[in-house]
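The values are calculated or read from the model by the stated rules, or taken from the named source; none is laboratory data. Being a predicted model, the structure only gives us computed values, none of them experimental. All Cβ positions, glycine included, derive from the backbone under ideal geometry; neighbour counts span all protein chains shown.
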Amino acid sequence: MKKILLKDFIFQGRVKDHELIRDELLSEIDKTQSTTITRETGSIDSVSRLDWDWSGDGERDWIQLFEKHFYNSIDEFLSITPYKSIELTEMWFQQYVKCDMHNWHTHGEQYTGVYYLEFPVGSSRTELVFPYDHSHHQIPVTEGDIIIFPAHVAHRGTTNFSDRKTIVSFNFSIGNDYEEILDFSVLSGV
């Protein structure tokens, strides 16, 4: 079987008003029920705090606070794609301290993303490996950035060597009602 290269993209932008919401969002996350992934469970993964177990619950206080800012970033994403809307399926936070990491994995929806909410200098970045040529890429990000990429792209959170790092991860699809979600004028070149 041969490979045919299709153009795809990684979206990188900034969460509007990051500086205004950062501290309040971190405060709400600090109050949130969470779990831990430790190396004792037989995995090489280690994440100090996360709320993945509740990722489908959009009623959590920190999500209510972040939702408007998230959708402003999604609107920017939609403006450069032929899509008109998304269906958010999961959103969760992960906090990494020194030596934490999240090994290679993929996600089950069409798109996934990361918002770098708390990102001290020296924090580990997300590394992606592209299926076409197996090349590895780390997107240069700073605190307040958001990246979105196809969920089938293998990625990992490399070993963190900074103070606490907090990310917000999310998964979404573009749905299956194509009359509602696709801008056909963009697709036809009109």
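Annotation note: of Val114, Val97, the sole residue that is surrounded by 14 or more Cβ atoms within 10 Å (Cβ to Cβ), among the hydrophobic types (A, V, I, L, M, F, W, C) and either under 16 Å from Asp145 (Cα atoms) or in contact with a Phe, Trp or Tyr (Cβ under 8 Å, 6 or more places away or on another chain) (or both) is Val114. Does the stretch 24-35 include one or more residues that are touching a residue at least 24 places away in the same chain (Cβ under 8 Å) and within 22 Å of Ile139 (Cβ to Cβ)? Among the residues of the stretch 24-35, at least one is touching a residue at least 24 places away in the same chain (Cβ under 8 Å) and within 22 Å of Ile139 (Cβ to Cβ), which makes the answer yes. Checking each residue in the stretch 143-183 for being at pLDDT 65 or above, among the aromatic types (Phe, Trp, Tyr) and surrounded by fewer than 19 Cβ atoms within 10 Å (Cβ to Cβ) picks out only Phe161.
For Ser124, the stated conditions hold: it is over 17 Å from Phe11 (Cα atoms), at pLDDT below 95 and crowded, with 17+ Cβ neighbours inside 10 Å.
How many residues are β-branched (Val, Ile, Thr) and part of a loop (DSSP other than H, G, I, E, B) when one looks only at the stretch 23-76? Of the residues in that region, 3 qualify.
Applying a threshold of 7 Å to beta carbon distances and a minimum spacing of six or more residues, or different chains, the list of pairs starting in the stretch 98-111 at a residue that is under 20 Å from His136 (Cβ atoms) and ending at one that is loosely packed, with under 13 Cβ neighbours inside 10 Å and not acidic (Asp, Glu) reads Asn103/Ile44. Evaluation of Asp17 against the conditions (1) in contact with a strand residue (DSSP E or B) (Cβ under 9 Å, 6 or more places away or on another chain); (2) in contact (Cβ under 8 Å) with a residue 12 or more places away in the chain shows that the sole unmet condition is (1). Within this structure, Asp133 fails the test of being loosely packed, with under 15 Cβ neighbours inside 10 Å and under 17 Å from Ile29 (Cβ atoms).
Within the span defined as the stretch 150-173, one or more residues are of a type in the set (Val, Ile, Thr), closer than 28 Å to Gly58 by Cβ and either in a loop (DSSP other than H, G, I, E, B) or more than 14 Å from the chain's Cα centre (by Cα) (or both).
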